[in-house]
1. Using Cα pairs closer than 8 Å and at least 6 residues apart in sequence, work out the relative contact order for the chain, in percent.
2. Which distance in Å, rounded to a whole number, links the C-alpha centroids of region 24-43 and region 72-96?
3. Taking one equal scatterer on every alpha-carbon of the chain, how large is log10 of I(q)/I(0) by Debye at q = 0.18, 0.20 1/Å?
4. Length gain on complete extension for the stretch Ser58 to Arg30, per 0.36 nm per residue less the alpha carbon to alpha carbon distance?
5. What FRET efficiency do you get for Glu74 and Arg51 if R0 is 30 Å and r is their Cβ-Cβ distance, rounded to the nearest 0.05?
6. To one decimal place, what orientation-averaged projected area in nm² is obtained for the convex hull of the Cα set of region 73-125?
7. With each label point set 7 Å from Cα along the Cα-Cβ vector, what nm distance links Val99 and Glu82?
8. Specify the residue with the greatest mean-square fluctuation among Asp106, Asp42, Asp70, computed from a Gaussian network of the chain linking alpha-carbon atoms under 10 Å apart.
Amino acid sequence: MRIGELASRSGVSVRSLRYYEEQGLLTSTRSASGQRHYTDTDVERVEFVQRLFAAGLSSRTIAELLPCVDAPSESNSDAALERMAQEHDRLTQHVADLVRTRDALDALMTSARAHREALRATAAG
């Protein structure tokens, strides 16, 4: 199938598919005129890559995980699990940082509200 059909079947833009190829996440064969051609299994691969992106992984990390898919083995599986654990830890830290930032903003908003109420009381008094 050509790139437009893969885009339609996988629900991903043609631009994204080209990006996936540039990043080594997807491969195609080329016709004599240079058109990309894909197989039915590429639909599943694109959907898998999309799930990895949805999990917050970068294209670089996804490329590191794909050997587990392309050449299944215990060592590739162990490496993929270790890499996913690292990403999990990174995301957990990021969430904690966001919570601290939100809490700091909440404190500023509380202070601003108190200041506003003091201004209103002064203006009314």
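1. On the way: 70 pairs, mean separation 22.0, N = 125.
Here the relative contact order equals 18 percent.
2. Region 24-43 and region 72-96 have Cα centres separated by 29 Å.
3. Reported log10 I(q)/I(0), two decimals: -0.99, -1.10.
4. Numbers: separation 28, 0.36 × 28 = 10.08 nm, distance 2.66 nm.
Once the chain is fully extended between Ser58 and Arg30, it gains 7.4 nm.
5. Numbers: r = 22 Å, r/R0 = 0.75.
The formula returns an efficiency of 0.85 here.
6. Working: hull surface 14.0 nm².
For region 73-125, the mean projected area of the Cα convex hull comes to 3.5 nm².
7. About 2.9 nm, to one decimal.
8. Highest fluctuation among the options: Asp106.
Quick note: the coordinates plus some simple rules give every number you see, no bench work behind them. These numbers come from a predicted model, not from an experiment. As a convention, Cβ positions derive from the backbone with ideal geometry for all residues, glycine included, and neighbour counts pool all protein chains shown.
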